[in-house]
Amino acid sequence: LLSQDLMANSGKVQRDMLLMSRIGFMFAFTVFYLFFALQLESIFIAQGENDDYAADPELVDGLALDTHYMADSIWSSMPIAFGAALILFGIAAVTGNNSPKESIEWVYGLPIIGGLAIISIFWVEDGFVFFLFAMFCAVPIGILMLTGHLEDTGADSDDTAVESEE
């Protein structure tokens, strides 16, 4: 929702970055849903809950391992897509027409740090803490917006709609 508001006030480069970040978020969520299901299917096959392959034990073992390895391999693209989307969103939120006018507006750049944190999972052993940080990096933005300390970007605010009707 925030990217939609930012897009209305952005220049072409920032709109393109916001669009690419949306694509990255959609890819990450698609990978999550599809390959979480594939991971569960590999578990069901290994535990014998999927009776379609029960007649051939070798096929069951091979299929369970193949689906497990395939799901694990594709899972590794999710942090890259999600991290890149966060980085693109953060850059678009603090550059061009969206550049911060007040110091508190720099909080829109927090997704850049979150994106770098989530991608660093590949470089840092036991980097799950970075993943959790990246998942919740937008929480301060939401809290500041709800408490009134951070203004909406004003793209489709109610004030402009009322003024246009008059």
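The values are calculated or read from the model by the stated rules, or taken from the named source; none is laboratory data. None of these values were measured; they are calculated from a predicted model. A quick note on method: Cβ atoms are made from the backbone with ideal geometry, for glycine too, and the neighbour counts reach across all protein chains shown. Each accessible area value is taken on the protein alone, full model and side chains, heavy atoms only, with ligands, DNA and RNA left out. Shrake-Rupley method; radii C 1.70, N 1.55, O 1.52, S 1.80 Å.
Here are some notes:
- Segment residue 129-residue 55, length gained on full extension (0.36 nm per residue, minus Cα span): 22.3 nm
- Rolling a 1.4 Å probe across the protein heavy atoms gives the range 51-130 an accessible surface of 58 Å² per residue.
- [x] 1.05; [y] 0.98; [z] 1.16, with the label sought being that of the calculated Rg/Rh (Cα atoms, Kirkwood Rh): [z]
- Membrane-span-like helices in the chain, defined purely by DSSP H runs whose alpha carbon atoms cover 18 Å or more axially and whose average Kyte-Doolittle hydropathy reaches 0.0, are 12-46, 57-75, 77-93.
- Simple label model, 7 Å out from Cα along Cβ direction - residue 136 to residue 22, nm: 2.9 nm
- Estimated dipole of the chain in Debye, rounded to 20 [Cβ of Lys and Arg +1, of Asp and Glu -1, Cα centre]: 720 debye
- Label point distance in nm, residue 99-residue 4, each placed 7 Å from Cα along Cα→Cβ: 2.9 nm
- Cut-off 15 Å (backbone N to label point 7 Å along Cα→Cβ of residue 144), residues of the range 93-133: 93-95, 98-114
- Amide H to amide H, with H built 1.01 Å from N, residue 11 comes under 5 Å of 97, 98, counting only residues 5 or more places away or on other chains.
- Modelled spin labels at residue 116 and residue 66, positioned 7 Å past Cα toward Cβ, are 4.3 nm from each other.
- Projecting the Cα atoms of 79, 48, 104 onto the dipole axis of the chain, where Lys and Arg carry +1 and Asp and Glu carry -1 at the beta carbon, places 104 farthest toward the positive end.
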